[in-house]
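Okay, structure first, notes after.
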Amino acid sequence: MYEGIVQDLIDELGRLPGIGPKSAQRIAFHIVQTEHFDVTRLAEILLTIRDKVRFCEICGNVSEEATCSICRDPRRDPALICVVEEAKDVVAIERTREFRGLYHVLGGAISPIDGVGPDELRIRQLMQRLADGSVQEVIIATDPNLEGEATATYLSRLLTTLEIKVTRLASGLPVGGDLEYADEVTLGRAFEGRRVVG
């Protein structure tokens, strides 16, 4: 435990996702000990984010405008929608440079334990986007965990009522991984998603 404001800084940093007590302490001491660290700039950016950043009216991605740059891009294929849990998933997929369609961010995953059901997600907005019949394929790209699988199952059942192709991202063995370290579920998925070679 540290005195006063230093402990307050550590406590606030520790409230951020993915930052534990040790990391919060390291960041706090970096800020305190580094003379050239621009705390004013950091504070300005944090305040500006609260004022300027919002969620895209169409897909739910983060944006400084009413619609995000992906939804505004005329080169994207509007017949293809990739459904993801969070905006950070959009960034991960965009880094691959393999997907040229549009996105739909759900804002989470179904998790009864956490009190998150379908009504708490942006599923109704997805159904509204699909209503005009212009979308030909929906790719479900939720996380390969219990909540992501529950969400994918719910969506696939819901979307079978529409005449739209519904696919799920393949999952299985990571590149560079060893079979002996793969868990049963991952190895099973790899067998399910196998493809013909040659």
Margin query: Around S23, under 15 Å between beta carbons, what's the net of Lys plus Arg minus Asp minus Glu among the other residues?
Written below: +1
Next item on the list: Assign unit charges at the C-beta atoms only (+1 for Lys and Arg, -1 for Asp and Glu), then state the dipole size of the range 58-135 relative to its Cα centre in Debye, rounded to the nearest 20.
Entry: 320
Note to self: Could you compute the net charge surrounding V62? Neighbours are other residues with a C-beta less than 13 Å from the C-beta of V62; K and R count +1, D and E count -1.
What the structure shows: -2
Checklist line | Candidates P17, P144, P78: whichever shows maximal mean-square fluctuation once the chain is modelled as a Gaussian network with Cα springs under 10 Å | finding: P17
Note to self: Between I113, I31, I93, where does the largest GNM mean-square fluctuation fall for the chain, given springs only between Cα atoms within less than 10 Å?
What the structure shows: I31
Checklist line | Extreme residue, positive dipole direction of the chain, given options I164, A66, G107 (C-beta unit charges) | finding: I164
Next item on the list: Taking the Cβ of R95 as the centre, find all other residues whose Cβ is under 13 Å away and add up their charges (Lys, Arg: +1; Asp, Glu: -1).
Entry: -1
Checklist line | Bridge type composition, the chain - antiparallel percent by DSSP, nearest 5 | finding: 20
Next item on the list: Taking only Cα atoms and a 10 Å spring cutoff, compute GNM fluctuations for the chain and point out the largest among K165, K52, K22.
Entry: K22
Notebook entry, point to check: Between E65 and V196, what FRET efficiency follows from the Cβ-Cβ distance if R0 is 25 Å, with the result rounded to 0.05?
Noted result: 0.05
Note to self: So, R0 is 45 Å and r is the distance between the beta-carbons of K88 and E3; what FRET efficiency does that work out to, to 0.05?
What the structure shows: 0.80
Next item on the list: Would you pull out the residues with amide H under 5 Å of Y103's amide H, same chain only if 5 or more places away, H placed 1.01 Å from N?
Entry: C82
Note to self: Suppose a student asked you for the relative contact order of the chain, using Cα pairs under 8 Å spaced at least 6 residues apart; what percent would you report?
What the structure shows: 12
Next item on the list: Show that you can apply the helix-only estimate: for the chain, add -39,500 (n - 2.57) for every DSSP H stretch of four or more residues, divide by all residues, and state [θ] at 222 nm to the nearest 500.
Entry: -12500 deg cm²/dmol
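A short reminder: the numbers here are calculations on the coordinates, not readings from a lab. The model shown is predicted, which means the values in this text are computed figures rather than measured ones. Positions of Cβ are generated from backbone atoms using ideal geometry, with glycine treated the same way; all protein chains shown enter the neighbour counts.
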